[in-house]
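K.L.:
Got a structure for you, questions after.
Derivation of every value follows stated rules applied to the coordinates shown; laboratory data play no part. None of the values given here were measured: they were computed from a predicted structure. When we count neighbours, we look across all protein chains shown, and the Cβ atoms used for this are built from the backbone with ideal geometry, even at glycine.
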Amino acid sequence: MASFASSILSSKDHPSLVIGALQLVDLLLGKVPSLYKPTFRREGVFHEIETVAERILTTTKTKEKEASETSEEGASSNPMPPVPGYKKLSSMSLDPEDAITLRARVIQFKYLMEKEDAGEDGAFERLRGVVERISAPHASDTEYCEALWELAELFASPHTSVSSFELLQSGVVDSLLQFATDENRASK
């Protein structure tokens, strides 16, 4: 469920799908937060929600643009007479992107305000530690070997798992590529 929601939120294909995914996340977190909170964090759902929540509302941009245009043109150059209730109706309609942003902000407020550990089994922290040790420029061969064994154990252990989000965000793939292709390291 978490990877499904994460893929919808990250693809941002259609606003109604994204709204549905946000509603699903809100519903699941409301019903069983102890089960879904760690899973959503590990699968990148919270990362996507935080990214969406940081967006600037398009209605804010539109109001700023209208205010600057009105001040430039002046009230006398408006060719249309004011329509009663038009301003109220236009302010009631909500852009789909704004609806997504606002729903993400609500979820962020309800479930992400308190900071907690990033993962139940610490796989992400262990991956980051391995990345730091592999990327160390002056480490010994023994230290590199220990880091690589720890990485292998993370993937081979039946008690730990690494999500695709954790794998991408930790930087382990890039550091392994750098480690394998570093000519200076091979000459030692």
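K.L.:
Using a Debye calculation, one point per C-alpha and no hydration shell, please list log10 I(q)/I(0) for region 123-186 at q = 0.17, 0.25 Å⁻¹ in order.
P.N.:
Results for region 123-186 at q = 0.17, 0.25 Å⁻¹ read -0.55, -1.10.
K.L.:
Do any chymotrypsin sites (Phe, Trp or Tyr not before Pro) in region 1-61 lie in a loop, going by DSSP, with at most 12 other beta-carbon atoms within 10 Å of their beta carbon, and if so which? Write out the running numbers ahead of the final one.
P.N.:
Numbers: sites: Phe4, Tyr36, Phe40, Phe46; in loops: none.
Sparse-neighbourhood loop chymotrypsin sites (Phe, Trp or Tyr not before Pro): none present.
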